[in-house]
Amino acid sequence: MAKTIQAIRGMNDCLPEVSGTWQYVESTLRDVVASYGYQEIRTPIVESTELFKRSIGEVTDIVEKEMYTFEDRNGDSLTLRPEGTASCVRAGNEHGLLYNQQQRLWYIGPMFRHERPQKGRYRQFHQFGVEAYGLLGPDIDVEVILLSARLWKAFGINNHVKLQINSLGSNEARQAYREALVDYLKARADKLDEDSIRRLESNPLRVLDSKNPQVQEAITDAPSLLDYLDDESKQHFSLLCERLSQAGIEYEINPRLVRGLDYYNRTVFEWVTDSLGAQGTVCAGGRYDGLVEQLGGKATPAVGFAMGIERLVLLLTTLSDEEPDNSAADVFVTALGDNIESYALTVAERLRDLQPQWRVMLHCGGGNLKKQLKRADKTGAKVALLLGSEEAEQQQVTVKPLRGDHEQITVELGALSDTISSMLD
Ligand code: ATP
Ligand code: MG
């Protein structure tokens with residue numbers, strides 16, 4: 001036998017038993033963003049490597065060790081996108097969507113990071129994100145947070161996620177903070193790991209983002225960014241807090257929240273859950289007012305978030321005690337005997353014309369009644385249509401309910417749709 005080929009480690013197939021949940025998640029996301037007037041943007045999954053280096057930052061986990069980078073046949077360095085924001089900004093600049101305009105955009109799609117695969121962490125994963133451009137206020141920060149909060153409600157998991165917020169202030173404020181933080185960390189260098197020591201020089205704020213518990217402990221008393229905020233950022237942050245409270249959104253201020261990408265400034269936030277173990281962040285975002293200019297556009301304020309769909313799906317399946325509906329069909333059409341196939345086909349097509357929302361599955365491949373009914377049962381169908389030579393001759397259909405306590409009945413073609421309807425409710 002030929003050797004079978006397996007999927008790449010950390011890259012998952014989405015099988016029929018869960019694809020229904022994915023479709024539900026995706027359509028709910030689409031409905032909610034539409035209700036805020038956001039429009040979809042789709043960008044390629046491959047970009048020039050330079051884009052991510054310049055936006056996410058050279059000294060970050062993603063750029064240092066997680067990117068899928070390769071040379072294409074021209075020798076250009078390309079990278080499978082590790083996140084969506086850089087691509088949105090690149091596309092916005094390229095097509096003149098951002099300068100002097102306001103844009104409210106969303107995207108969904110696969111992202112790629114070479115991380116150690118584990119529950120909630122994969123090498124190909126999916127993010128849904130929103131990005132708002134050209135709006136400086138805290139009002140738009142509040143809007144994107146409210147939008148995310150509405151999603152939790154729509155999914156019925158609002159009691160299982162908590163909002164953490166922080167402000168990173170201006171570049172100058174972060175510079176001042178950086179010095180205080182470096183002093184603090186240097187005094188505790190013996191408690192830091194190798195990565196953190198290296199970052200102490202190159203990008204000390206990243207140390208606050210470390211996942212290492214020992215490092216986490218060493219930074220519990222680190223100076224707080226909030227004490228170093230410039231006046232404007234301070235005002236922005238206090239307005240944000242005020243409006244969130246007015247909107248009835250509970251939050252916790254976490255002065256250690258810095259996010260793993262370099263482009264953020266001022267507002268940053270995460271939605272976290274304790275129902276998923278170590279991979280507790282389901283959604284993360286913030287303001288990135290400098291990025292558009294940094295990538296060659298005209299200075300444009302921006303704010304957004306990205307949500308990990310695998311973690312969301314995991315959360316939904318962990319919290320739900322309902323069995324997902326894995327049925328493939330509502331109505332199963334059998335075909336018994338020779339020359340019945342064309343009648344069965346006509347009946348099935350007719351039903352699809354009349355009731356496009358029903359899932360009508362036609363038996364293929366012959367076999368006796370028992371075999372066909374067994375297959376019908378496997379699809380989860382609620383009704384089977386029994387079509388034999390008599391039915392074909394009389395232009396009738398025998399309708400056999402497979403669940404519930406309706407009676408089997410033979411009806412004229414004209415009455416078929418109504419008869420099935422009464423059994424499906
Ligand atoms: P983490 O701290 O968990 O590594 P991150 O800060 O790298 O997350 P972001 O880059 O902000 O995450 O991505 C936003 C969201 O995308 C995360 O909160 C998470 O839900 C999801 N996500 C990120 N990396 C992965 C991954 N490798 N597998 C699955 N989901 C992921
Ligand atoms: Mg990460």
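The values are calculated or read from the model by the stated rules, or taken from the named source; none is laboratory data. The structure displayed is predicted, hence computed values, not measured ones. Cβ sites come from the backbone with ideal geometry, for glycine too, and all protein chains shown count toward neighbours. Ligands, DNA and RNA are excluded from the accessible area calculation, which covers all protein heavy atoms including side chains. Shrake-Rupley method; radii C 1.70, N 1.55, O 1.52, S 1.80 Å.
Can you tell me how many residues in region 2-23 are open to solvent by 90 Å² or more (accessible area, probe 1.4 Å), without any contact (Cβ under 8 Å) to a residue 60 or more places away in the chain and in a helix (DSSP H, G or I)?
Qualifying residue count, region 2-23: 1.
Would you pick out the residues in region 240-268 that are within 16 Å of ligand 2 (Cβ to nearest atom), in contact with a helix residue (DSSP H, G or I) (Cβ under 8 Å, 6 or more places away or on another chain) and aromatic (Phe, Trp, Tyr)?
TYR263
Identify, please: which residue in region 10-54 is of a type in the set (D, E, K, R) and under 20 Å from the mean Cα position of the chain (by Cα) and is, among those, nearest to VAL130 (Cα to Cα)?
Residue satisfying both the conditions and the ranking: GLU40.
Do you know which of the residues in region 55-89 that are open to solvent by less than 40 Å² (accessible area, probe 1.4 Å) and polar (S, T, N, Q) is farthest from ligand 2 (Cβ to nearest atom)?
Here the residue is SER87.
May I ask you to list the residues in region 4-57 that are basic (Lys, Arg) and either in contact with a Cys (Cβ under 9 Å, 6 or more places away or on another chain) or under 17 Å from GLY109 (Cα atoms) (or both)?
ARG30, ARG42 - these are the residues of region 4-57 that are basic (Lys, Arg) and either in contact with a Cys (Cβ under 9 Å, 6 or more places away or on another chain) or under 17 Å from GLY109 (Cα atoms) (or both).
Answer yes or no as to whether GLN127 is out of contact with any Ser or Thr (no Cβ under 7 Å at 6 or more places or on another chain) and in a helix (DSSP H, G or I).
Criteria not met by GLN127.
Whether any residue in region 185-196 is within 16 Å of ligand 1 (Cβ to nearest atom), buried (at least 18 other Cβ atoms within 10 Å of the Cβ) and assigned to a loop (DSSP other than H, G, I, E, B) is what I want to check.
No.
(1) away from ligand 1 (no atom under 12 Å from the Cβ); (2) free of Cβ contacts under 8 Å to residues at least 24 places away in the same chain; (3) not in a loop (DSSP other than H, G, I, E, B): which one isn't true of GLY75, the others all being true?
(3)
When the residues of region 101-117 are filtered to those that are charged (D, E, K, R) and within 12 Å of ligand 1 (Cβ to nearest atom), which remaining residue is farthest from VAL89 (Cα to Cα)?
Within region 101-117, the match that is farthest from VAL89 (Cα to Cα) is ARG116.
Would you be able to tell me the number of residues in region 135-167 that are touching a strand residue (DSSP E or B) at 6+ places or on another chain (Cβ under 8 Å), within 23 Å of GLN102 (Cβ to Cβ) and in a loop (DSSP other than H, G, I, E, B)?
Final tally of qualifying residues: 1.
Does region 269-284 contain any residue that is over 18 Å from the mean Cα position of the chain (by Cα) and closer than 22 Å to SER55 by Cβ?
No, because not a single residue in region 269-284 is over 18 Å from the mean Cα position of the chain (by Cα) and closer than 22 Å to SER55 by Cβ.
Quick one: which of PRO255, PRO213 is within 26 Å of ASP183 (Cβ to Cβ), surrounded by fewer than 17 Cβ atoms within 10 Å (Cβ to Cβ) and assigned by TED's automatic domain parsing to the domain that holds GLY120?
PRO255
Identify, from the list LEU312, LEU345, LEU291, LEU351, the residue that is open to solvent by 20 Å² or more (accessible area, probe 1.4 Å) and of a type in the set (A, V, I, L, M, F, W, C).
Answer to the check: LEU345.
Take the conditions touching a strand residue (DSSP E or B) at 6+ places or on another chain (Cβ under 7 Å), farther than 14 Å from PHE332 by Cβ and in contact (Cβ under 8 Å) with a residue 12 or more places away in the chain and apply them to VAL411. Does it pass?
When the stated conditions are applied, VAL411 passes them.
Testing SER87 on (1) within 16 Å of ligand 1 (Cβ to nearest atom); (2) farther than 21 Å from THR300 by Cα, one condition comes back false. Which one is that?
Unmet condition: (2).
Quick one: in region 387-400, which of the residues that are open to solvent by 20 Å² or more (accessible area, probe 1.4 Å) and outside any helix (DSSP H, G or I) is farthest from MET423 (Cα to Cα)?
Here the answer is GLN395.
Test VAL282 against the stated conditions and say whether it is assigned by TED's automatic domain parsing to the domain that holds GLY20, away from ligand 2 (no atom under 15 Å from the Cβ) and open to solvent by less than 40 Å² (accessible area, probe 1.4 Å).
For VAL282, the condition - assigned by TED's automatic domain parsing to the domain that holds GLY20, away from ligand 2 (no atom under 15 Å from the Cβ) and open to solvent by less than 40 Å² (accessible area, probe 1.4 Å) - is not met.
Do any residues in region 238-263 that are closer than 16 Å to LYS162 by Cβ have Cβ atoms under 7 Å from those of residues that are of a type in the set (Lys, Arg), where the two are at least six apart or on different chains, and which pairs are they?
GLU252/LYS162
Give TYR107, TYR122 a once-over and let me know the one that is over 17 Å from GLU47 (Cβ atoms) and of a type in the set (Ser, Thr, Tyr).
Exactly one residue qualifies, and that residue is TYR122.
If I filter region 106-122 down to residues being buried (at least 16 other Cβ atoms within 10 Å of the Cβ) and in a strand (DSSP E or B), which single residue comes out as nearest to ligand 2 (Cβ to nearest atom)?
Filtering region 106-122 for residues that are buried (at least 16 other Cβ atoms within 10 Å of the Cβ) and in a strand (DSSP E or B), the one nearest to ligand 2 (Cβ to nearest atom) comes out as ARG121.
Search region 133-160 for residues that are buried (at least 18 other Cβ atoms within 10 Å of the Cβ) and pair each with any residue that is charged (D, E, K, R) when their beta-carbon atoms are under 7 Å apart and the residues are at least 6 apart or on different chains.
PRO138/ARG243; ASP141/ARG287; VAL142/ARG243
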